[in-house]
2 protein chains.
Amino acid sequence: MKAVRLHKIGGPEDLVFEDVDPPQPAAGEVLVRVRAAAFNHRDVFITQGLYPKIALPRILGSDGAGEAQGREVLVDPLLGWGPDERIWRPDATILGMPRDGTFAQFVSVPQQNVHPKPPHLSFQEAAALPLAGVTAYRALFTRGELREGETLLITGVGGGVQTFALLFAVAAGARVLVTSASDEKLERAAAMGAHAGFNYRTDPEWHKAIRAHAPIDIAIDSAGGEAFARALTIVRPGGRVVTYGGTHGEAAIKLFPVFWNQIDVRGSSMGSPADFAAMLRFVQAHEIRPAIDRVYPLEEAAAAAARMNQAAQFGKIVLDVPS
Amino acid sequence: MKAVRLHKIGGPEDLVFEDVDPPQPAAGEVLVRVRAAAFNHRDVFITQGLYPKIALPRILGSDGAGEAQGREVLVDPLLGWGPDERIWRPDATILGMPRDGTFAQFVSVPQQNVHPKPPHLSFQEAAALPLAGVTAYRALFTRGELREGETLLITGVGGGVQTFALLFAVAAGARVLVTSASDEKLERAAAMGAHAGFNYRTDPEWHKAIRAHAPIDIAIDSAGGEAFARALTIVRPGGRVVTYGGTHGEAAIKLFPVFWNQIDVRGSSMGSPADFAAMLRFVQAHEIRPAIDRVYPLEEAAAAAARMNQAAQFGKIVLDVPS
């Protein structure tokens, strides 16, 4: 079968489109004929060696939709979460490393990770959903406890998780504010229902503008650094800040607003099987369509990864898999 | 009446023992004959001008126990918390600034702030309880959700809140680890039920020693800075870190352990009327006796404040009020 494998650590350019043997499903597993896959930052980080447990060569890809057992399906990429809703087991993994992933014509996954594709979605749209969708769902609802009528701040809109968070929060009846370094991304977010946008490149005092604009009940952030530190000073007393990533590493935070305003900071990562099932029900009930940035053919995976590595995208970068 | 007033911003030495007119209770207020009062860091910070809304001259003191309406009572120092358990109203204040406090023979407080003194406590012990007790109670139980059998880390044991947290957590059936820069304080904590102590002055890698010792379910910290940052790396996945102060200001934190381990950081400050009532029930049910560092006569309030300012104490510093 055709597949995209990583043979050595280096960068997006080290993704190789080639012929490999199709996987042999083990007991309890299902062979999925992949019709579309999608990129996550995780895939790029893996090409750069920024992930634990890297084994090579390996087919990358956590997100996929296709056909299995006569049905149209998509795949929950979280393997072995375990019984505790709060945390995954130490040996839990994500499809696409160390186990072969979805950037291929076939992928083998445990039966319980295969879900019916929401009928309103194409394969490409469904492939855009899994990892970013469940991460956004857990951050917003399971961990963030977002409620109708609340005001949400999403920092650095543009990536997959942020665009799902925007779509989900608008569907849930929240008022959504977004930040970005790009006016074009702010306009696209507005078209998807964002109430207001703030350009942190052109307005260094963006946190003050947001504070003046509206009391913020909850902020979700994966930038870390100054964006996270400022989010703590922006949310209202009793508010929540959900962190689901830290691209910029350390954050120098002031503790006074955290304890004085009785703020919650909630770390969130990926999502449990229950989160995944709830996310699918939510997407179906609200007929949510993922924001797709571009679709590349599978053989151009390296070019797609390079685009992701430049953070130029708005929404998900999808791979069309030849049948 | 005799009272201790602050006439100008400067430091603990500016507390003046003098004669003043006794307070006239307004409608809905009760005149309490104070038998004992106690210091909080807040009082020292006020002498140094480190608090908002300072009006002078003013009788300081948030903690007091005495007699009112023929009963032995203690006073809840939080005035006007409001209806939301999560946060106080913006106009809520604490007894002792801007309103005259307990460092006097009489104090006038709203009726609903007067509670029966737990019968197993002396006036001096009861006076030690209010602000530090309710702060510890809320941080541990309301915000921290400490449960029996869990392992708790208290950073920088010695102050009033930390010693109450230790007493309360041991009574609740938790296993308690403490840190301090003083072996003597660690020994006193052990005598009060702490399971293990770690000297952060003699062991710069104390966080590693704690990680190796036991999985920590919850940490509570008011030091901020490095202690707070390390607490985030010490608690187990799914664990909680409660921050109720930030003596050392900013903290440089790593976000990775927060989101990857799905940790909660919960800011906590003071306590609501419901917290105060629950704290009194808990103290009574477990017959908890506050750790008292020293008792000074009211006229030596300046010396007592100086001791507090040096952080030399273990437990509460109490003032005996002449009748």
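What follows is calculated from the coordinates using simple rules that are stated; it is not laboratory data. Treat the numbers as computed from the prediction; the structure is a model and nothing was measured. Backbone-built Cβ (ideal geometry, glycine too); neighbour counts: all protein chains shown.
Counting only alpha carbon atoms, the long axis of helix B:225-234 and the longest principal axis of chain B meet at about 50°.
Ordered from longest to shortest, the equivalent ellipsoid semi-axes for region B:1-51 are 23, 13, 11 Å, each the square root of 5 times a Cα gyration tensor eigenvalue. In this structure the amide hydrogen of B:Val241, modeled in the peptide plane, comes within under 5 Å of the amide hydrogens of B:Ala219, B:Asp264, B:Val265, B:Arg266, none closer than 5 places in sequence on its chain.
Spread over its residues, the convex hull of the C-alpha atoms of region A:111-163 is 115 Å³ per residue.
Would you work out the charge dipole size for chain A about its Cα centre, treating the Cβ of every Lys and Arg as +1 and the Cβ of every Asp and Glu as -1, and quote it to the nearest 20 debye? Let's see the in-between values first.
Values: 32 positive and 35 negative charges, 119 e Å.
Computed about the Cα centre, the dipole is about 580 debye.
Residue exposure proxy: B:Phe198, B:Phe276, A:Phe123, B:Phe45, ordered by other Cβ atoms within 10 angstrom of their Cβ from fewest to most, comes out as B:Phe45, B:Phe198, A:Phe123, B:Phe276. Cross-link partners for B:Lys53 among the lysines, with Cα-Cα distance under 26 Å and sequence neighbours closer than 8 places in the same chain left out: A:Lys208, A:Lys254, B:Lys2, B:Lys8, B:Lys316.
If you take the alpha carbon atoms of region B:134-267 and fit the smallest convex hull around them, that volume is 92 Å³ per residue.
Summarise the partner chain shielding of A:221-229 as one whole number: the mean count of Cβ atoms from other chains within 10 Å of each residue's Cβ.
Per residue, the number of nearby Cβ atoms from other chains is 2 on average.
Model label sites at B:Arg86 and B:Arg147, defined 7 Å from Cα along the beta-carbon direction, differ in position by 2.3 nm.
With the label put 7 angstrom out from Cα along the Cα-to-Cβ vector, B:Gly10 ends up 7.4 nm from the copy partners, going from closest to farthest. Protection proxy ranking for A:139-152, A:222-235, B:6-19, B:86-99, using the average of other Cβ atoms within 10 Å per residue and placing the highest first: A:222-235, A:139-152, B:86-99, B:6-19. Scanning chain A for the beta carbon that comes closest to the axis linking it by rotation to B yields A:Val265, 2, distance in whole angstrom. With respect to chain A, whose longest principal axis is taken over its alpha-carbon atoms, helix A:160-171 is tilted by about 60°.
Projecting 7 Å from Cα along the Cα-to-Cβ direction, the label point of A:Gln310 sits 6.5 nm from its equivalents in the other copies, listed shortest first.
Which values, in whole Å and largest first, are the semi-axes of the equivalent ellipsoid of chain B obtained as the square root of 5 times each eigenvalue of the Cα gyration tensor?
33, 20, 19
Whole-Hz Karplus values for region B:58-64 come out as 8, 7, 7, x, 9, 9, x Hz, taken residue by residue from phi with 6.51 cos²θ - 1.76 cosθ + 1.60 and θ = phi - 60°; glycine and proline positions read x. Take every Cα-Cα distance within the protein assembly as shown, group them into 10 Å bins from 0 onward, and report for each bin the whole-number percent of pairs it holds. Per 10 Å bin, starting at 0, the Cα pair percentages come out as 3, 15, 22, 21, 16, 11, 7, 4, 1, 0. Mind giving me the FRET efficiency for A:Arg201 and A:Lys8? R0 is 41 Å, r the Cβ-Cβ distance, nearest 0.05 is fine. Result of the calculation: an efficiency of 0.70. Legend: calculated FRET efficiency, B:Glu187 to B:Asp21, from the Cβ-Cβ distance at R0 = 56 Å, rounded to 0.05, equals 0.75. The fewest-to-most ranking of A:Ser180, B:Ser108 by surrounding Cβ atoms within 10 Å reads B:Ser108, A:Ser180.
If you take every DSSP beta bridge fully contained in the protein assembly as shown, what fraction is antiparallel? Give it as a percent rounded to 5. Before the final figure, lay out each step's value.
Numbers: 70 of 122 bridges.
Bridges in the protein assembly as shown that DSSP calls antiparallel: roughly 55 percent.
Label reach from B:Ala171 (point 7 Å along Cα→C-beta): in region B:289-317, amide nitrogens under 12 Å belong to B:289-291.
Remark: mean inter-chain Cβ contacts per residue of B:235-245 equal 3, using a 10 Å Cβ-Cβ cutoff to other protein chain atoms. An ellipsoid equivalent to region B:196-303, defined through the eigenvalues of its Cα gyration tensor, has semi-axes of 30, 20, 16 Å when rounded to whole angstrom and sorted largest first.
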